[in-house]
Amino acid sequence: MIGSCTRSWPVLDFENHRSEIVNCTPHLWPLHHDCSKNIFHYITNNSLGRPTYGNKMAIDRKTLSAIEDYDVFSAQQPYHSRITAIEWHPKMDNHFCVGSKHGDLGYYRLKYKDSQSMKIKRIKSFTGIGPGGYISAMKFHPTDDNKFFTASLDGKVSLGDMENDTELGQKVFLNTCSWERWYCSLDAHKTDNLVVAGSNAGHTHLLSRTGDVIWDKRLHSQKVSHLEFSPCEPHLLCSASLDHTVRMWDLRMVNEKKPLSCLHHDKGINSAFFSLTDGTRLLTTDQGDNIRIYRAPFWQLETDIRHPHRFFQHITPIKAYWHPLSDTIMCGRFPDEKNYPDLGDKRAIDFFNPCTGAMVYSLKNVHYNNITSLCKFNNTGNVLLSAMGYNMLLWSTSASQEVSEDHCAKDKKQTRETLENQMSKEKIQLTCDKSKDKKISKLQLNIKDKRKSKDNDVDKASKKRKRN
């Protein structure tokens, strides 16, 4: 395992302007180039298309300042079951897909009314089979804009077509024909003719885009929860599993017992995403309270973030994602007041700096206080899509506010109910006050009558005495 390697590697010591070979352990390599002012590092980063440290800081500040102005401009409940998968189109930044626990799938488009407002339009919808149709993963076809791949709980990996298909999964690539085995992860290679799918038994299948099986190997001992091709290394595959490991594989020479790297965790893994800016970082989310960032080329642990996002069987597993324009991390919060009293009971989307692990912002809306399991930005980074139980929320800057009609109706209903309650309370109080006034007046009359009768008795007694 590379992570446990202790031997030294020869490198040139450019920082001290010496040309001799010195010893440097692998964990010093990744962070060596980030904030260096050395001319060799500057030229290397430019040749690889990497932004300089100053440019990175400027992009991060700009990204964070934009996120601080975000708010919900649309909220919908598309299905009668919770949302289990979301995906933005890789080429059209205003198109996205949403899948549900019962196998429903909807294809949506953001329609820009003008420069300050947007509206959601459902282009296509597929009705699922109901319980057991759980869509665990989906990816758009890299070359055909209308096609997409899905992996589901009914044991199928299929290819769908937005234009021609009337039902979901008409073209099936893999089928276990069993409810005991199913597929839970999926990815499509951007350039090569490859698709990969992982099962709950630890098997990984490599296919072509037409469905031809290339190989089937058991890369993990338990459920393969996530699979992803590297965006910058075409032969690198990352797999995550509930066996507490994340493993790197070279597709040209896959040996089930010898991965390129094996990253051990304390809990099962929900996801492992390469950074979208340059692909040199790996972001993992476990089923406990750890978010970890590993750094290429040896995938050494760079940052370990403690964050409440524990696993619960009745919610979609929480996954941390990268921002598409800067190395900023976002993850939904599952409040844990016992272990994280400082965060309280508020449910939000937390943003982190991957270098320091510090929380830089917390995005929330008072009207929507459920747990956010999934959240992804579109490719341009100006719209955030999040899944909150049954609800699908779209976030953007305050200039594009357009609250949904359902939300407005709920607000009106709540205000009407509160007003009616207040009016009924006031009526009850008035009736109580009136009854009290009547009782007091009766008591006063009774007292007056008693006083008069007493006075009359006294007068009579005095008259009798005088006579006697």
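Could you give the size of the charge dipole of the stretch 289-365 about its Cα centre, using +1 on the Cβ of each K and R and -1 on the Cβ of each D and E, expressed in debye and rounded to the nearest 20? Mind showing how you got there, number by number?
Numbers: 10 positive and 9 negative charges, 38 e Å.
Using Cβ point charges on Lys, Arg, Asp and Glu, the stretch 289-365 gives about 180 debye.
Using a basic spin-label model with each label point 7 Å from the Cα along Cα→Cβ, how many nm lie between Lys364 and Ser125?
About 3.2 nm, to one decimal.
Grab the Cα-Cα distance for Asn193 and Ile39, subtract it from 0.36 nm times how many residues apart they are, and report the gain in nm with one decimal. Mind showing how you got there, number by number?
Working: separation 154, 0.36 × 154 = 55.44 nm, distance 3.90 nm.
Net length gain for the segment: 51.5 nm.
Placing +1 at every Lys and Arg Cβ and -1 at every Asp and Glu Cβ, with all other atoms neutral, what dipole size does the stretch 93-148 have around its Cα centre, in debye to the nearest 20?
Details: 10 positive and 5 negative charges, 40 e Å.
Dipole of the stretch 93-148, to the nearest 20 debye: 200 debye.
Which FRET efficiency value, to the nearest 0.05, do you get for Arg306 and Ala201 by plugging their Cβ-Cβ distance into 1/(1 + (r/R0)^6) with R0 = 25 Å?
For Arg306 and Ala201, the calculated efficiency is 0.20.
Consider a paramagnetic label point 7 Å from the Cα of Ser208 along Cα→Cβ; state which residues of the stretch 164-192 have an amide N under 20 Å from it.
171-175, 187-192
Measuring from centroid to centroid over Cα atoms, what is the spacing of the stretch 287-328 and the stretch 57-110 in Å?
19 Å
Accessible area per residue for the stretch 182-319 in Å², computed with a 1.4 Å probe and the full protein assembly in place, what is it? Before the final figure, lay out each step's value.
Numbers: 5270 Å² over 138 residues.
It amounts to 38 Å² per residue over the stretch 182-319.
Please find the FRET efficiency linking Thr143 to Asp342, where r is the Cβ-Cβ separation and R0 is fixed at 30 Å, and quote it to the nearest 0.05.
Values: r = 48 Å, r/R0 = 1.59.
About 0.05, to the nearest 0.05.
Multiplying the sequence separation of Asn255 and Cys232 by 0.36 nm and subtracting their Cα-Cα distance, what value in nm do you get? Numbers along the way, then the final one.
Working: separation 23, 0.36 × 23 = 8.28 nm, distance 2.18 nm.
My answer for the length gained is 6.1 nm.
Ignoring ligands, DNA and RNA, what percent of the 1.4 Å accessible area of the stretch 253-384 is carbon and sulfur? Show your work: numbers first, answer last.
Numbers: 2690 of 5440 Å².
C and S atoms contribute 49 percent here.
Given charges of +1 on the Cβ of Lys and Arg and -1 on the Cβ of Asp and Glu, with all other atoms neutral, how large is the dipole of the stretch 183-299 about its Cα centre, in debye to the nearest 20? If you can, show how the numbers build up before the last one.
Numbers: 13 positive and 13 negative charges, 35 e Å.
Dipole magnitude for the stretch 183-299 comes out near 160 debye.
Name the residue farthest towards the positive end of the dipole of the stretch 76-187 from the options Gly133, Gln170, Pro78, assuming +1 on Cβ of Lys and Arg, -1 on Cβ of Asp and Glu, about the Cα centre.
The one lying farthest along the dipole's positive direction is Pro78.
Given a Förster radius of 51 Å and the C-beta distance between Asp71 and Asp449 as r, what FRET efficiency does 1/(1 + (r/R0)^6) yield to the nearest 0.05?
On the way: r = 70 Å, r/R0 = 1.37.
Here the calculated transfer efficiency is 0.15.
The values are calculated or read from the model by the stated rules, or taken from the named source; none is laboratory data. A quick note: this is a predicted structure, and the numbers were derived from the prediction, not measured. Neighbour counts run over all protein chains shown; Cβ positions are idealised from the backbone, glycine included. With ligands, DNA and RNA removed, areas are computed over all heavy atoms of the protein, side chains included. Shrake-Rupley method; radii C 1.70, N 1.55, O 1.52, S 1.80 Å.
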